[in-house]
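Okay, structure first, notes after.
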């Protein structure tokens, strides 16, 4: 009899475990599968360029070399006359603005792609007026360079470039320069419709680099091409006779290099965009 009771008890326990196992299996099958843990990509360090930003760095170096060649090679110099007028014109405008701010009076202003720029001022604070030219050129160019990293930024600075290209025509009488200016304005407009305005990035980068390194162009024109109007480096040496023009040139060229590298790093750190992100942001402003 005891054996029969034990047998029945064992069967009851086995049935209970079987029932619990079946219930657990049903619950497991009804439960949605658990997704494996997502592997998040490690964030890119702020100063490390993304794969989309690396081409901008290469193009910036190419444009720098191209600017050197186009600014100084005979024949090629004429091709970029409108951009030279833009660069020289902004440089002289910085002199004019600071001269007026320091109480000076403007006697005359010259803007010429071959002769260079020249602003005659009476009164004011000469060291500040003189420094304003290169400082203004580099900072203006650096702002344009940021357009090389982002389509939306390039769209915005394209309006600045368009006005700056057209403004010197008030003083220009050379037909070739006028025709070239019209061509470059048309290119600027056309770039709005190439790959949703992505081409504007390279236009802004090219013009920006040209302005950043105006101190270099100005000194080389004065030193090796004997242009009529002195460079600001020569003017600094007249203001401070103990320092030679080439010493001033070294200082200002190093300043230009620092701004160039600094704003490349700013672009890398602050404008990390994928192509899709850039297109989406650019579409919010005059989509093409």
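The single condition from (1) surrounded by 21 or more Cβ atoms within 10 Å (Cβ to Cβ); (2) within 16 Å of the chain's Cα centre (by Cα); (3) within 22 Å of residue 256 (Cα to Cα) that residue 151 fails is (3).
Taking (1) touching a residue at least 60 places away in the same chain (Cβ under 8 Å); (2) closer than 23 Å to residue 133 by Cβ; (3) more than 20 Å from the chain's Cα centre (by Cα) in turn, residue 87 satisfies each apart from (3). Being outside any loop (DSSP other than H, G, I, E, B), touching a strand residue (DSSP E or B) at 6+ places or on another chain (Cβ under 9 Å) and surrounded by 13 or more Cβ atoms within 10 Å (Cβ to Cβ) is true of residue 222. Of all residue pairs spaced 6 or more apart or on separate chains, those with beta-carbon atoms under 9 Å, a first member in segment 66-81 that is touching a residue at least 60 places away in the same chain (Cβ under 8 Å) and a second member that is outside any loop (DSSP other than H, G, I, E, B) and loosely packed, with under 15 Cβ neighbours inside 10 Å are 72/224; 78/176; 81/176. Please go through segment 226-247 and give me each residue that is under 21 Å from residue 114 (Cα atoms) and in a loop (DSSP other than H, G, I, E, B), ordered by number. Selection gives 226, 227, 228, 229, 230, 231. If the condition is being crowded, with 21+ Cβ neighbours inside 10 Å and either more than 26 Å from the chain's Cα centre (by Cα) or at pLDDT 95 or above (or both), then segment 113-129 contributes 119, 121, 129. Close contacts from segment 178-206, counting a first residue that is touching a residue at least 12 places away in the same chain (Cβ under 8 Å) and a second that is outside any helix (DSSP H, G or I), with Cβ to Cβ under 7 Å and a gap of 6+ residues or different chains, come to 191/197; 191/199; 192/288; 193/288; 196/288; 197/288; 200/192.
Return the residues of segment 248-288 that are within 22 Å of residue 63 (Cβ to Cβ) and not in a helix (DSSP H, G or I); say none if nothing qualifies.
Answer for segment 248-288, where residues must be within 22 Å of residue 63 (Cβ to Cβ) and not in a helix (DSSP H, G or I): 271, 272, 273.
The helices (runs of 4 or more DSSP H) located wholly in segment 91-200 that include 1 or more residues which are touching a strand residue (DSSP E or B) at 6+ places or on another chain (Cβ under 7 Å) occupy 126-145. Considered as a group, the residues in segment 63-90 that are buried (at least 22 other Cβ atoms within 10 Å of the Cβ) and touching a strand residue (DSSP E or B) at 6+ places or on another chain (Cβ under 7 Å) include one that is farthest from residue 164 (Cα to Cα), and that residue is 88.
Condition check: out of contact with any helix residue (DSSP H, G or I) (no Cβ under 7 Å at 6 or more places or on another chain) and within 27 Å of residue 264 (Cβ to Cβ). Does residue 195 satisfy that? Yes, satisfied.
The values are calculated or read from the model by the stated rules, or taken from the named source; none is laboratory data. Because the structure is predicted, anything quoted here is derived from the model rather than measured. FYI the Cβ positions are ideal-geometry reconstructions off the backbone, even for glycines, and counts take in every protein chain you see.
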